[in-house]
Amino acid sequence: MTGVKIMISYSKRGYSIFKSIMKRLYWCPRCNIPLLQDKCSRCVKDKSVTLKVKITPPGDIRPALGRDYFKILDLLKEFLGEKWNNVIPVRNIILLNKIQHIDLADEIIIDGQVIGSRYYDIHSNKWKFRPSYPIVYQMVRKRIGYYAIVEMNFLKRRYEIHKNRIIEYNFPDIKGEYVAVSNHKRNFYGLGILERGKRVKIIKIWRKRPFSWLEKNPTWRDVVEGNLEYLKNIEDEAVRFIKETKEKYNLPVVVSFSGGKDSLATYLLVKKALGKVDLIFNDTGLELPETVNYVKIFAKDEGIRLIYADAGDNFWRSLNVMGPPARDYRWCCKIAKLSPISNSIKKNFPKGALNFVGQRKFESLSRALSPRIWRNKWMSNIIAASPINDWRFLDVWLYIIWKKARINPLYFRGFDRLGCWLCPASQLGELDEIKLEYKELWTKWEKYLKEFAKNKGFGEEWIKYGLWRWIHLPEKIKIYLSRFNIDSSRYDGIRRFGDINIKEDNNKIEVKIIDSLIPFSKERYETFMQTIDKNYKDFIRYDSEKDVFFINNNEQSSLFIKNLIRMMNCVGCGLCIVWCPTNAITIEDNMAVIDVNECISCKNCVKICPIAEYIFSNLS
Ligand SMILES: [Zn+2]
């Protein structure tokens, strides 16, 4: 099943938000380079015209680099066959624009035109190409690839063309492939899908329009030159913003450095505005080794302090308690990111800090709505600010090339989104790349997933289609899987942690830990009873024989249950340390230990505990 229609599935609201932040992309036909504004800095004197490139919102254009670039060429060769370069010129500059699909999908832009799109087919685990007008037009004209010329006065979308009307064709052996179509008058062109009995179903049509490729084959340096005025302007604006923000808050400055291009550009801008400053890097324990190396070498070369927050093996230890993380169950972010970074900031900047981060509106819907300066949700004395809030991927990329800064080598190996390599927010196309390039890492993760699936009685499709990435499966995934007769309901909404059974009956609540993956230990229970707010003791009773807590219901009971979950399952992530007003908590043997004498029973540690929060909110 190949010729799948690309699904555009933004919500209406999402679409209008993305459209509102969208910026136009232009092209200089003379230099054959993309332009971030409608002027070419290389052609100022010649007053040459620029072209508008029609792309899908939000239009966070990025370059095809390294391995990704060659993968695109391979895909085009596979689609068009041997004579592929009679259809498409070889260019250094290929741009990609992410579009909505069930998995990864991009529009491909060459010579200022969208030549088609590629999408990752999660059934075959392969990239597929879907041509647009420039390719379809030439396929028919030059009789290259799969095409059909039909005897019809015009083409109509959704129309199924019977084989009797096809005058000339070259068809594949299997149905479902894309076919370029034109009518015999050659005034209509269309993209069709080959169906049974040599019928062709039209899915897209174009009226004939003139078409030609541009002439030059410039380099990325040429692109920077053509955009120099624009780059200088956005740099000036960002530097001004950084200086004004520093003046306004007058706090020590630290730049969050992830090893990605956005934080690199942010650092370069802050350095230009304020001179060299500290970097803070959070090692989640799930970084690719190249990133960790890159960050260390970068800080050393710059001669600046690198504050190294380290989650250690927090993530792997927590897995035993929590089960695999999911997009709607992202305990991992708190345990592997928020906790180490909060502890590190509290230690290094006890009186607060101004934290510059490379956050961009184009990255997600929630970021599209985020202001440029905000107070850290978790630490009120940390002011966060993003100098590159409005920048596109390509703005950042050209800026970095212009500044000749050292870039994380992973960008040239086809990874454009760095961070935790097993992030549940990843698409399968990205995870399959990890599987291919980092066999050892992936085997470790897959082994865990297989074990988990076995315990839950899940079929192999749970791993194949990456269903572990959701607790509640999205509708579009369910529909997609039903095409392969997979009943996904058995994977939908299943809890991932050891069971805690809560029965509520009139004024009594009965809590029983059924098969908590951490074995119930008497020691933990005793610690729990000691450190718990003395108030609890009046309304709970523990029956050690039945292994059940009996609670008289009152408004404290949910807090009590959270506290219980916390103490039974604590992995020692240390987030509570940041929030304890009397510094009564330390980590011993991967577990938070509370000094009873210092504890003032504020219960902050219970309220913010990520383990308690995620397990409690997923209890039925
Ligand atoms: Zn130009």
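The values are calculated or read from the model by the stated rules, or taken from the named source; none is laboratory data. Since we're looking at a predicted model, the values are computed, not measured. For neighbour counting, all protein chains shown are included, and Cβ atoms are generated from backbone atoms with ideal geometry for every residue, glycine included.
Structure above, values below:
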read-out: Check on Glu440, over 30 Å from Lys232 (Cβ atoms), at pLDDT below 95 and not hydroxyl-bearing (Ser, Thr, Tyr); value: no
read-out: In region 44-74, residue nearest to the ligand (Cβ to nearest atom) [restricted to those that are under 18 Å from Leu398 (Cα atoms) and in a loop (DSSP other than H, G, I, E, B)]; value: Ile61
read-out: Considering residues of region 9-43 that are assigned to a strand (DSSP E or B) and of a type in the set (Phe, Trp, Tyr) only, the residue surrounded by the most Cβ atoms within 10 Å (Cβ to Cβ); value: Trp27
read-out: Considering residues of region 366-386 that are surrounded by fewer than 18 Cβ atoms within 10 Å (Cβ to Cβ) and among the aliphatic types (A, V, I, L, M) only, the residue farthest from Glu229 (Cα to Cα); value: Leu369
read-out: Qualifying residue in region 341-354 (condition: touching a residue at least 12 places away in the same chain (Cβ under 8 Å) and either touching a Ser or Thr at 6+ places or on another chain (Cβ under 7 Å) or over 17 Å from Ile280 (Cβ atoms) (or both)); value: yes
read-out: Subset of region 370-414 (residues that are out of contact with any Lys or Arg (no Cβ under 8 Å at 6 or more places or on another chain) and either over 26 Å from Asn293 (Cα atoms) or β-branched (Val, Ile, Thr) (or both)); value: Pro371, Arg372, Ile373, Trp374, Arg375, Asn376, Lys377, Trp378, Ser380
read-out: Residues of region 565-590 satisfying the condition of being without any contact (Cβ under 8 Å) to a residue 60 or more places away in the chain and either among the aliphatic types (A, V, I, L, M) or surrounded by fewer than 14 Cβ atoms within 10 Å (Cβ to Cβ) (or both); value: Met567, Met568, Pro581, Thr582, Asn583, Ala584, Ile585, Ile587, Glu588, Asp589
read-out: Some residue of region 339-358 being in contact with a Phe, Trp or Tyr (Cβ under 9 Å, 6 or more places away or on another chain) and of a type in the set (D, E, K, R); value: no
read-out: Test: residue in region 161-169 that is within 14 Å of Tyr189 (Cα to Cα), crowded, with 21+ Cβ neighbours inside 10 Å and in contact (Cβ under 8 Å) with a residue 24 or more places away in the chain; value: yes
read-out: Index of the failed condition, Tyr294 passing every other in (1) in contact with a helix residue (DSSP H, G or I) (Cβ under 9 Å, 6 or more places away or on another chain); (2) within 16 Å of the ligand (Cβ to nearest atom); (3) among the hydroxyl-bearing types (Ser, Thr, Tyr); value: (2)
read-out: Test: residue in region 249-262 that is touching a residue at least 40 places away in the same chain (Cβ under 8 Å), over 20 Å from Phe349 (Cα atoms) and among the β-branched types (Val, Ile, Thr); value: no
read-out: Asn389 free of Cβ contacts under 8 Å to residues at least 24 places away in the same chain and either surrounded by 20 or more Cβ atoms within 10 Å (Cβ to Cβ) or not in a loop (DSSP other than H, G, I, E, B) (or both); value: no
read-out: Any hit, region 421-428, residues being of a type in the set (Ser, Thr, Tyr), farther than 23 Å from Ala105 by Cβ and part of a loop (DSSP other than H, G, I, E, B); value: no
read-out: Options Gly312, Gly303: the member that is out of contact with any helix residue (DSSP H, G or I) (no Cβ under 9 Å at 6 or more places or on another chain) and either surrounded by 22 or more Cβ atoms within 10 Å (Cβ to Cβ) or touching a residue at least 24 places away in the same chain (Cβ under 8 Å) (or both); value: Gly303
read-out: In region 27-43, the residues that are within 33 Å of the chain's Cα centre (by Cα) and within 10 Å of the ligand (Cβ to nearest atom); value: Trp27, Cys28, Asn32, Ile33, Leu35, Lys39, Cys40
read-out: Flag for Arg240 being free of Cβ contacts under 8 Å to residues at least 40 places away in the same chain and over 27 Å from the mean Cα position of the chain (by Cα); value: yes
read-out: Residue in region 342-355 that is among the charged types (D, E, K, R) and in contact with a strand residue (DSSP E or B) (Cβ under 6 Å, 6 or more places away or on another chain) present; value: no
read-out: Residue tally, condition in contact with a helix residue (DSSP H, G or I) (Cβ under 9 Å, 6 or more places away or on another chain), under 16 Å from Arg143 (Cβ atoms) and crowded, with 18+ Cβ neighbours inside 10 Å, over region 180-199; value: 4
read-out: Test: residue in region 243-255 that is within 27 Å of Pro409 (Cβ to Cβ) and not basic (Lys, Arg); value: yes
read-out: Residue within region 131-139 that is among the hydrophobic types (A, V, I, L, M, F, W, C) and part of a loop (DSSP other than H, G, I, E, B) present; value: no
read-out: Flag if Lys456 is more than 30 Å from Val224 (Cα to Cα), touching a residue at least 12 places away in the same chain (Cβ under 8 Å) and not hydroxyl-bearing (Ser, Thr, Tyr); value: yes
read-out: Positions within region 217-237 being surrounded by 15 or more Cβ atoms within 10 Å (Cβ to Cβ) and closer than 26 Å to Glu78 by Cα, in sequence order; value: Pro218
read-out: Any hit, region 144-159, residues being without any contact (Cβ under 8 Å) to a residue 12 or more places away in the chain, of a type in the set (Asp, Glu) and within 29 Å of Phe171 (Cβ to Cβ); value: no
read-out: Residue selected from region 439-473 under the condition surrounded by fewer than 16 Cβ atoms within 10 Å (Cβ to Cβ) and part of a loop (DSSP other than H, G, I, E, B), by the criterion nearest to the chain's Cα centre (by Cα); value: His472
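A quick yes/no check of all residues on (1) closer than 30 Å to Arg196 by Cα; (2) out of contact with any Leu (no Cβ under 8 Å at 6 or more places or on another chain); (3) modelled with pLDDT of 95 or more:
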| position | (1), (2), (3) |
| --- | --- |
| Val4 | yes, yes, no |
| Tyr10 | no, yes, no |
| Arg13 | no, yes, no |
| Asn32 | no, no, yes |
| Lys45 | no, yes, no |
| Leu51 | no, yes, no |
| Lys54 | no, yes, no |
